[in-house]
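See below for the structure under consideration.
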Amino acid sequence: MSIRVHNLTKYYGDQKAVDQISFEIQTGEVIGFLGPNGAGKSTTMKMMTGYMAPSDGTIYIEGVNVAEEPLTIKRKIGYLPENNPLYTDMPIIDYLHFCAEIQGVHRDAIKERIRQMIDLCGLDDEKHKYIHELSKGYRQRVGLAQSIIHDPDVLIFDEPTTGLDPNQIIEIRKLIKKLGEEKTVILSSHILSEVEATCDRILIINQGKIVADGTAESLRKQAEGEEILHVQLGTIAGESAEMGLRSLPTVASVEKLDKKTNYFKVSSEHGKTSRKAIFDLCVKNQWYLMELTPMETRLEDVFRNVTSQPGTKNREDYMQNTKMDIA
Ligand SMILES: Nc1ncnc2c1ncn2[C@@H]1O[C@H](COP(=O)(O)OP(=O)(O)OP(=O)(O)O)[C@@H](O)[C@H]1O
């Protein structure tokens, strides 16, 4: 089921929470909305599900305009909101039965559908419990089961693993991946490893805009050219070490990684290398060079580059030097 979002904008009062966002999603893609707190991920999702009207712009799901046919769209979409509220005084099965009814599942099919959901979402061991008796992870599984009980083609999950322990996170990720084999899935997160592990494509949202769009691999590639080195100098270099590294013309930034030792992360200007200059600096000052290790560009670096405040050096250089779809 393809999705087309064009110039989507949302104001809360004077605040522009979503700022002319446009993107397309093909049937069967698993997409991650990645962004810092307050970036506009939840607001975008709420508009896509028809639960919130945009201030401007359009959303088409399989050619259907969400604003014009919200009820049709709600049948096609499974939505798991952030902090999903559940009726905690109901047993799981009764609750799922209730959800199936209101989602319009045919009466004859409800029993079988609940059985499938219990199986798919790993609820078998707990199925006779009341929801208030469940752990957070199991409540989230009930939320997932509820959101997909009507067999929608598009699944929209807002921070599906928030508050879960590492084992539960792995279980829920597995489940999302499995669902993604047949459905179009959009999930939001501010956990990089999560989107990398689960999604085919990542949209990075910052301050209401899409600032990067691509696979984890392509985002990393586009950021290459930013040489990052881990550098350790002997203690003899003392306090001058940091200043010396900063003074090198090819060095863009220096971050101290360890308060007690001269251990630094050194980022070079885009497309430049600082290795020889660091070596020469050490020779000139007779400092011991204990480590000079090039680091692989990580998704964290991409994220930091595109979501740091406008005007900061890294971000400006990055935006200029990459061919990303930068809005
Ligand atoms: N109902 C609302 N009324 C007023 N402002 C809102 C409302 N909902 C969200 N906002 C504001 O809109 C901006 C975007 O919020 P949104 O919840 O979409 O971000 P998010 O990327 O989902 O953040 P998080 O990762 O923290 O959940 C924020 O500045 C937020 O304070």
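Numbers below:
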| item | result |
| --- | --- |
| Excluding exposed DSSP-loop chymotrypsin sites (Phe, Trp or Tyr not before Pro) (at most 16 other C-beta within 10 Å), longest clean stretch of the chain | 88-287 |
| Lys/Arg +1, Asp/Glu -1 at C-beta; the chain dipole; positive extreme among 206, 247, 25 | 247 |
| Rounded, prolate or oblate (a/c below 1.5 giving rounded, otherwise prolate when a/b exceeds b/c) for the chain by Cα gyration tensor | prolate |
| Placed amide H near residue 49: partners under 5 Å, 5+ positions off or other chain | none |
| Cβ-Cβ FRET estimate between residue 68 and residue 124, R0 fixed at 30 Å, reported to 0.05 | 0.15 |
| Trypsin sites (Lys or Arg not before Pro) restricted to DSSP loop in region 211-299 with at most 15 other C-beta within 10 Å | 259, 260, 272, 298 |
| Karplus (6.51, -1.76, 1.60) ³J(HN,Hα), θ = phi - 60°, over region 23-30, in Hz, Gly and Pro reported as x | 6, 10, 10, 8, 3, x, 7, 10 |
| Crossing angle, helix 136-148 versus the chain [Cα axis fit, 0-90 degrees, rounded to tens] | 60 |
| Amide H contacts of residue 215 (H built 1.01 Å from N, under 5 Å, at least 5 apart or other chain) | 202 |
| Pairwise FRET efficiency - residue 265 versus residue 108, Cβ, R0 = 51 Å, nearest 0.05 | 0.25 |
| Modelled FRET efficiency - R0 56 Å, residue 53 with residue 275, Cβ distances, 0.05 increments | 0.55 |
| Between helix 275-285 and the chain: long-axis angle, C-alpha atoms, 0 to 90°, nearest 10 | 40 |
| Rounded to the nearest 20 debye, dipole of the chain from Cβ charges on Lys, Arg, Asp, Glu | 480 |
| Cα gyration tensor shape of region 225-296, rounded if a/c is under 1.5, else prolate or oblate by comparing a/b with b/c | prolate |
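Quick note: the coordinates plus some simple rules give every number you see, no bench work behind them. It should be emphasised that the depicted structure is a prediction, and the values quoted were computed from it without experimental measurement. All Cβ positions, even for glycine, are placed from backbone atoms using ideal geometry, and neighbour counts span all protein chains on display.
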